[in-house]
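What follows is a set of notes on a single structure, which appears directly below.
The values are calculated or read from the model by the stated rules, or taken from the named source; none is laboratory data. Source: prediction; values computed, not measured. Here the Cβ positions follow ideal geometry from the backbone for every residue, glycine too, while neighbour counts run over all protein chains shown. Protein only, heavy atoms only, side chains kept; ligands, DNA and RNA dropped before computing areas. Shrake-Rupley method; radii C 1.70, N 1.55, O 1.52, S 1.80 Å.
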Amino acid sequence: MGEKEGFNIFKAMAYIDRKYLFLMIFVVVLGPILFPIGIPIKVGKNTRLYYSYLDELESGDVVYWIGATYRSFMEVKSGYVATLRTIIEKDAKLIVVYSEGDEQAVFQSVMGNPDTNTPGILTPLMEKSDYKYMEDYVELGMILVGGEAAYVSLARNFQDFIHNDYKGTSIEGTFLDEVHTAEDIALIVHAGPLGGIGADGFGRHFALDFGVPYLGNVIGVGISTTQAWIDTGIVKGMLESGRGGAELEFLIGHPGVGLRAMDCMTLGHYYFIALVIVGNIGYFGWERQAMLEEKRPTGDEQI
Amino acid sequence: MTVPLFEFTATIVGIFCTWSLYTQFFAKPTPFRSIVSNAYIGIGMGMVTVINMWFIYNNGILPLMRGEWWMAIGIVLSALMISRINRKYSYLARLPLAITVGTGLGLGLRTQITTSFIKQVLAMIVPPIVPGDITQSIYNSTNIIVALCLIMFFVYTRELKGPLSHTIRLGAAFLYIGLGTIFAQTFMGRLSMFTGYMQQIMTPEWKIPYTLGIAAIIFGATIVMDRYGLLDKYG
């Protein structure tokens, strides 16, 4: 087989036990959480573009908020909270819609549940700004499960199809009386899609047909696909996963979990690069040699 | 700092479930992981069922009782979908499925062609050189070259010989670079998700000793069970 006795650094690099690799990931992530370092970050072009649309919001503007599931929330939490904070501070109105059941729990973990008096992350800001349910924001529930018909109804004939919120309470007398078509919408924010955005219903029926600005707080997997949609003009801006959220926190001047997580992200990426280098050294220094030696004719001297 | 009992209990259970699932990295089945993963599926399905039934009640039954009679059509069509569980009557589910698919296609086809095809092609028609903007010029030129090479890579109708064969190799190289980029972005996203959740179970500070303590207990128990061969028996 061509194996040599004794310690071989290349063999060690090629066959590192996975348990130790995963243990190091925990060390690299938990370490900066316990002992913050404060590595500086730079704000990217996409985040500035995203923020520019938020900054243009005025009091009374109506914003569609498409919820994030728990699967994406942990990744985009910083951008999710920072965006909502900006919307509340601008006194814009929110129409909250979901496509999955847990999106509501995620939203209420941030904005609280007024029925049960359960506070959320932004409840202090909401109390300070007098931002109230049914006056400033309404949760319509899982209406997006209606598929294409739901998107078209929301875009073209809101009043004929939407009569109550997720609890069955009538929305008559709220700010939604002024919403008829997508022309009455100032902005759409997809708070945490599981992939890219642009080809979905809001991109096609709102952004394409009515030119409503469409922003996305996308997870890592969706960044490259969403960039393609930004190039077409359908999507106007995006936050790139946790890093984008941290940049937005920096821009709005409210440091939060995103900025604190950047130390972990930086060290995690350095660790990953180191693993790639070590793995390649191990491959070219041992595995490849071992494969080549296997192909040689027998008769090699064995120690 | 006093923590409400419900929040404390939920946090402890959440931390226990987290580290139990992370015993996945031990590369052997563990009883902690088995219990929590099965419970997660069951609880998740239960929660989805309750939320969906509540949604149907609030948005279907209540409006029906208020006089919106057309909601009955939706409720009946939805009920027909359940006929799929019975082989004899499963054909009834084709009606609501046909209505849903047909409506979706009819409403969405125009926009899908415009956004996914026409707009994407138009976005590729850019000047290769932008006077005064080197970055954009590089970006545009790269877009055009990579797009052309990738299109050539996927031409299977005839063999491409001579200079065109080089574009195929370039196209393949660009494809690998693109896939590698997507993989790197996926890793970034997963790391971000992992970091976000670790922050969730480590802040505020009162959670730290519980997080680290429960991790030590679970991983310690796993190592001990592995040493005495109990993982194979109880995993």
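Over the alpha-carbon set of the range B:75-126, work out the extent along each principal axis and list the three values in angstrom, largest first.
57, 18, 12
Let me check against my output: what whole-number percent is the relative contact order of the range A:42-148, with C-alpha pairs under 8 Å and at least 6 apart?
Values: 134 pairs, mean separation 31.2, N = 107.
Here the relative contact order equals 29 percent.
Can you sort B:THR2, B:THR11, A:THR116 by solvent-accessible area, 1.4 Å probe, largest first?
Order by accessible area, largest first: B:THR2, A:THR116, B:THR11.
State to the nearest 20 debye the size of the charge dipole of the range B:1-138 about its Cα centre, where the only charges are +1 on K and R beta carbons and -1 on D and E beta carbons.
On the way: 9 positive and 3 negative charges, 132 e Å.
Dipole size: approximately 640 debye.
Calculate the translational D of the range B:1-118 in whole µm² s⁻¹ from Stokes-Einstein, where the hydrodynamic radius comes from the Kirkwood formula applied to all Cα pairs, the temperature is 10 °C and the viscosity 1.306 mPa s. Numbers along the way, then the final one.
On the way: Rh = 19.2 Å.
Calculated translational D: 83 µm²/s.
Filter chain A for me: DSSP H helices, axial length by Cα at least 20 angstrom, mean Kyte-Doolittle hydropathy not below 1.0. List them by residue number.
Membrane-span-like by this rule: A:18-34, A:257-282.
Given the Cα atoms of the range A:70-111, and with Rh set as the inverse mean 1/r over their pairs in the Kirkwood sense, what is Rg to Rh to two decimals?
0.96
Among B:LEU92, B:ILE41, B:TRP70, flag the residue with its Cα farthest along the positive direction of the charge dipole of the range B:1-101, charges on Cβ as +1 for Lys/Arg and -1 for Asp/Glu.
B:LEU92
Leaving ligands, DNA and RNA out of it, rank A:PHE10, A:PHE73 by accessible area with a 1.4 Å probe, largest first.
Largest accessible area first, the list is A:PHE10, A:PHE73.
Report the accessible surface area buried between chains B and A, summing both sides, using a 1.4 Å probe on protein heavy atoms only, in Å² rounded to the nearest 100.
Roughly 4600 Å².
Taking amide H positions as placed 1.01 Å from N in the peptide plane, with prolines and chain starts having none, which residues 5 or more places from A:GLY141, or on another chain, fall under 5 Å of its amide H?
For A:GLY141, whose amide H was placed from the backbone, the distant partners under 5 Å are A:TYR98, A:TYR166.
Roughly how many debye, to the nearest 20, is the charge dipole of the protein assembly as shown about its Cα centre, given +1 on each Lys and Arg Cβ, -1 on each Asp and Glu Cβ, and no other charges?
Working: 39 positive and 46 negative charges, 380 e Å.
Charge dipole of the protein assembly as shown: 1820 debye, to the nearest 20.
Given the C-alpha centroids of the range A:179-213 and the range A:8-43, what is the distance between them in whole angstrom?
Distance between centres, Cα-based: 40 Å.
Kindly write out, for the range B:27-33 in residue order, the coupling ³J(HN,Hα) from the Karplus curve 6.51 cos²θ - 1.76 cosθ + 1.60 (θ = phi - 60°), rounded to whole Hz, with x marking Gly and Pro.
6, 9, x, 10, x, 4, 5
HN-Hα J couplings of the range B:174-180 from phi, Karplus 6.51/-1.76/1.60, θ = phi - 60°, integer Hz, Gly and Pro as x?
5, 5, 5, 4, x, 5, x
For chain B, place one equal point scatterer on every Cα, skip the solvent, and apply the Debye formula. What is log10 of I(q)/I(0) at q = 0.09, 0.14, 0.15 Å⁻¹?
After summing over all Cα pairs, the log10 values are -0.90, -1.04, -1.06.
Please go through the range A:12-51 and write out the trypsin sites (Lys or Arg not before Pro) that DSSP classes as loop and that have at most 11 other C-beta atoms within 10 Å. It would help to have the intermediate numbers written out before the result.
Values: sites: A:ARG18, A:LYS19, A:LYS42, A:LYS45, A:ARG48; in loops: A:LYS42.
Passing sites in the range A:12-51 are A:LYS42.
Report the Rg/Rh value for chain A, based on alpha-carbon coordinates and the Kirkwood definition of Rh.
Numbers: Rg = 24.9 Å, Rh = 21.8 Å.
Value, to two decimals: 1.15.
With +1 assigned to the C-beta of every Lys and Arg and -1 to the C-beta of every Asp and Glu, and no other charges, what is the dipole magnitude of chain B about the Cα centre in debye, to the nearest 20?
In total the dipole reaches around 800 debye.
For the protein assembly as shown, what's the radius of gyration and Dmax over Cα atoms, in angstrom?
Considering the protein assembly as shown through its Cα atoms, Rg and Dmax are 27.0, 91 Å.
Equivalent-ellipsoid semi-axes (√(5λ), Cα gyration tensor) for the range A:194-303, whole Å, largest first?
47, 22, 7
With every protein chain left in place, what is the accessible area per residue of chain A in square angstrom, probe 1.4 Å?
45
Pull up the DSSP beta bridges for the protein assembly as shown and report the antiparallel fraction as a percent, rounded to 5.
Given both bridge residues lie in the protein assembly as shown, the antiparallel proportion sits at roughly 10 percent.
Tally the DSSP beta bridges in the range A:155-303 and give the antiparallel ones as a percent, rounded to 5.
The antiparallel fraction comes to roughly 10 percent.
Counting only protein heavy atoms, what percent of the accessible surface of chain A is carbon or sulfur at a 1.4 Å probe? Mind showing how you got there, number by number?
Details: 7650 of 13690 Å².
Looking at chain A in its full context, I get 56 percent from C and S.
Taking springs between alpha-carbon atoms closer than 10 angstrom, which of A:GLY237, A:GLY258, A:GLY168 fluctuates most in the Gaussian network model of chain A?
Taking springs between Cα atoms under 10 Å, the residue moving most is A:GLY168.
With the other protein chains left in place, how much accessible area per residue, in square angstrom, belongs to chain B at a 1.4 angstrom probe?
67
Would you list, by chain and number, the lysines whose Cα falls below 21 Å from the Cα of A:LYS11, excluding same-chain residues fewer than 8 positions away?
Cα-Cα hits under 21 Å: A:LYS19, A:LYS295.
Show the residues, 5+ positions off or on another chain, whose built amide H is closer than 5 Å to the amide H of A:LYS93.
Those qualifying (amide H under 5 Å, at least 5 residues apart or on another chain) are A:GLY60, A:ASP61, A:VAL62, A:VAL63.
When the accessible area of each residue in the range A:16-32 is compared between its chain alone and the complete protein assembly (1.4 Å probe; ligands, DNA and RNA ignored), which residues differ by at least 10 Å², being lower in the assembly?
Correct list: A:LYS19, A:PHE22, A:ILE25, A:PHE26, A:VAL29, A:LEU30.
Looking at the range B:85-205 from every direction and averaging, what is the projected area of its Cα convex hull in nm²?
One quarter of the hull surface, i.e. the mean projection, equals 16.8 nm².
In the range A:56-133, if the dipole is taken from +1 on Lys/Arg beta carbons and -1 on Asp/Glu beta carbons about the Cα centre, which of A:VAL97, A:VAL110, A:THR83 is farthest to the positive end?
So the residue we want is A:VAL110.
Mind listing which trypsin sites (Lys or Arg not before Pro) in the range B:52-158 are in a DSSP loop and have 16 or fewer other Cβ atoms within 10 Å?
Here the trypsin sites (Lys or Arg not before Pro) that fit, given the DSSP loop and packing criteria, are B:ARG66, B:ARG87, B:LYS88, B:ARG158.
Could you tell me which of the pairs A:LYS128/A:LYS167; A:LYS132/A:LYS167; A:LYS77/A:LYS167; A:LYS93/A:LYS236; A:LYS45/A:LYS77 are separated by over 18 angstrom between their Cα atoms in the structure shown? Let's see the in-between values first.
Working: A:LYS128/A:LYS167 26 Å; A:LYS132/A:LYS167 16 Å; A:LYS77/A:LYS167 26 Å; A:LYS93/A:LYS236 20 Å; A:LYS45/A:LYS77 20 Å.
Table pairs above 18 Å Cα-Cα are A:LYS128/A:LYS167; A:LYS77/A:LYS167; A:LYS93/A:LYS236; A:LYS45/A:LYS77.
Take the solvent-accessible surface of the protein heavy atoms, probe 1.4 Å, and return the percent of it on chain B that carbon and sulfur atoms account for.
74
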